[in-house]
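Every number here is computed from the coordinates shown, using simple stated rules; none is lab data. Keep in mind it's a predicted model, so treat the numbers as computed, not measured. Glycine gets a Cβ as well: all are built from the backbone with ideal geometry, and neighbour counts include every protein chain shown.
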Amino acid sequence: MKEYCEKTNGLLFDANAPNNTIKSRPRKIVQPLIVGLGALTMSAESARQLSAAFSEASERCLTERPCGDETLAIVLVPGIVCAALSIELGFKAMIMEDGKIAKGHNLLKLFHRLGPWSQNAIVHSVGLDRKSFENELAEMSEAFVQWRYVYEYDEVKISIGFLDKLLRATVSAASNERRA
């Protein structure tokens, strides 16, 4: 595993650090998304499937991997980018399900385009009051763009805990909306 750490740009953590908020999760199987060679027509269902696929990619990036003497490595930036894109696509799936056009990357603006049921389900699942939720979401509303181009910024911040809760809530809400 030492070779893995040296060949990737994984962020290294002390395994015993008290503030280590990224935890390994049990593995799950996600149905693969099959895309042909032609153009992908974006529909609510394809956005939902892509959201699930990017959620899985994020989980793989953000899962701790042993990397030598009591050190753990994660691939932080790609994990954040995949999580943010998964949330964006989940929001877009729910917006399209309501027959609306879904464009842009700003998560707060997309969230406000969701129907009340979807908004309430996500806020409740994240476990914050509405005002705190919207403040947290506003702080990371451009996460996909910022973290995709992280090298162009002097400083970027994100709450990994909120990102993880929002990711799980969004994938769940998008999946439940399809069944509704």
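Before we move on, is ILE74 surrounded by 14 or more Cβ atoms within 10 Å (Cβ to Cβ), among the aliphatic types (A, V, I, L, M), farther than 24 Å from GLN49 by Cβ and in contact with a Lys or Arg (Cβ under 8 Å, 6 or more places away or on another chain)? So ILE74 passes the test.
Condition check ((1) of a type in the set (Ser, Thr, Tyr); (2) buried (at least 19 other Cβ atoms within 10 Å of the Cβ); (3) within 19 Å of the chain's Cα centre (by Cα)) across all residues:
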position: ALA47; (1), (2), (3): no, yes, yes
position: LEU50; (1), (2), (3): no, yes, yes
position: GLU64; (1), (2), (3): no, no, yes
position: GLU70; (1), (2), (3): no, no, no
position: ILE80; (1), (2), (3): no, yes, yes
position: SER86; (1), (2), (3): yes, yes, yes
position: HIS105; (1), (2), (3): no, no, yes
position: LEU110; (1), (2), (3): no, yes, yes
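Could you tell me whether ALA102 is in contact (Cβ under 8 Å) with a residue 12 or more places away in the chain and not in a helix (DSSP H, G or I)? Yes: the conditions hold for ALA102. Residues in the range 137-174 that are among the acidic types (Asp, Glu) and either closer than 20 Å to PRO78 by Cβ or loosely packed, with under 14 Cβ neighbours inside 10 Å (or both): GLU142, GLU152, ASP154, GLU155, ASP164. The residues of the range 125-175 that are under 21 Å from PHE54 (Cβ atoms) and not in a helix (DSSP H, G or I), listed by number, are MET140, SER141, GLU142, TYR149, VAL156, ILE158, SER159.
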